Amino acid sequence: MKRCKATTKDGRRCLNGQRTGTDFCAIHASEISSGELFATAAGALVGHALIPGLGIVLGGLAGHSFRNFTGLNNMTKKRVFISFDFDNDRVLRDFMLGQARLPDSPFEVIDHSLKEAAPERNWEAKARAAIARSDIVIVMVGNDTHRAGGVLKEITMAREAGVQVVQVIGYKDGDYTPVPNAGRLYAWNWQNLKKLLS
């Protein structure tokens with residue numbers, strides 16, 4: 001079940017499920033997503049070109065209905081926060097950013113781990129906000145990730161926000177220690193990523 005895209009009064013992402021035909025739950029049903037707005041506006045423009053005046057209303061309704069009927073409403077990508085050992089595994093973040101850009105990628109990276117020391121003194125607040133906006137946190141596991149203080153804090157933040165956490169082995173060779181409280185450890189391949197993010 002996909003989560004509502006609204007933000008609660010305290011700035012966290014709503015945990016309710018989406019209602020059919022919308023990006024929002026029953027509580028936030030009156031809100032409109034950018035996709036719904038675009039489809040309605042495009043339909044209104046086409047309708048107005050065909051039948052000036054009345055076509056705006058009919059076209060807007062048709063655009064909104066077309067989006068829901070064709071399933072374009074459900075083609076949203078999962079929003080991913082990448083957690084990784086900043087000092088040792090930045091290349092893993094770059095690989096994930098590259099995979100997110102592929103045409104058939106089921107996810108988009110909304111943010112990633114920040115340096116926990118200076119100059120990012122407020123990294124915890126930034127990380128907490130980014131994690132709350134994400135659908136899933138993917139921990140990229142390297143040799144020392146299980147000891148990386150920033151990663152361990154990000155996992156705690158994700159658990160507190162109710163965001164799913166998975167961990168993926170970042171390199172082909174090696175015997176890697178799973179990160180505590182980060183869930184099952186998966187091999188990093190395209191099939192696993194698609195399954196985890198579908």
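We did not get these values from a lab; they are worked out from the coordinates using the rules stated. The shown structure was predicted, so the numbers you read here are calculated from the model rather than taken from an experiment. Cβ sites come from the backbone with ideal geometry, for glycine too, and all protein chains shown count toward neighbours.
Data overview
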quantity: Calculated over the stretch 78-197: convex hull of Cα atoms, volume per residue (Å³); calculated: 92 Å³
quantity: Cβ-based exposure ranking for Leu197, Leu102, in which fewest neighbours within 10 Å come first; calculated: Leu102, Leu197
quantity: For the stretch 78-197: lysine pairs under 20 Å (alpha-carbon distance), excluding those fewer than 8 apart on one chain; calculated: 8
